[in-house]
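Notes follow once the structure below has been shown.
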Amino acid sequence: MMALERLTCLAIQGYPFKAYVISLGANAMTDNLRSLSIALVAEPKQVKSFTLTQWRIAELTLGDQGPNVLNLQLSMTERAAYRFNLTSNTPRLFVRAGFTGQTPKPDAITASQDVAAGWMDGEQQVLEAPMPMAIQVWIESYLARHGEAPMEMRKKKRKGAGRAKETPTREQPQ
């Protein structure tokens, strides 16, 4: 946990203010990493005359006491995706569980829908689960500490760029 230590009260042009120093301590390097335990369950699903096995996340808990332990690591480059996920009606966590059609073996977890979409494009099986409130609060505090992702603005083209330009042509004397 970060601790705030109060320093002396300073005065600049007659206005006092309090200065604080943030003491990061041992957790400074892990403010973007949390361990989660995941249990999967197989459910038979009947489609016409076929029986398929559909996998889902049965339990997702904080900590490392479970059959599959994964580390959720937040990335500065995914801040906009985290914000998008948190503002949805039901924030989700996404688990990569091997290739489609195989028995799932969870090997990565993310809170970014963009990363999960990339996994699916690569023929990876992606399972999803509701995001626990503790993880939502942790991501919110991460975004508060590191700032929101800057909005990507479209660059304005220079005037006339991309348009056909009429150029006067000189007639050659013959």
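Nothing in this text is a laboratory measurement; each read-out follows from the coordinates by a stated rule. Bear in mind the structure is a predicted one, so any value in this text is a computation, not a measurement. Please note: Cβ atoms are built from the backbone with ideal geometry, for glycine as well, and neighbour counts cover all protein chains shown.
Key figures
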item	result
Cβ-defined net charge surrounding PRO104, 11 Å radius [Lys, Arg +1; Asp, Glu -1]	+2
Hz values of 3J(HN,Hα) by residue in the range 99-114 - Karplus curve (6.51, -1.76, 1.60), Gly and Pro given as x	7, 4, x, 10, 5, x, 9, x, 9, 7, 9, 8, 9, 9, 5, 5
Sites GLN102 and ARG145 - FRET efficiency at Förster radius 35 Å, r taken between beta-carbons, to 0.05	0.35
Ranked list, fewest to most other Cβ atoms within 10 Å of each Cβ, for MET131, MET120	MET120, MET131
Built amide H within the under 5 Å cut-off of ALA108, gap 5+	ARG96
Order of SER88, SER37, SER75 - criterion: other Cβ atoms within 10 Å of each residue's Cβ, fewest first	SER88, SER75, SER37
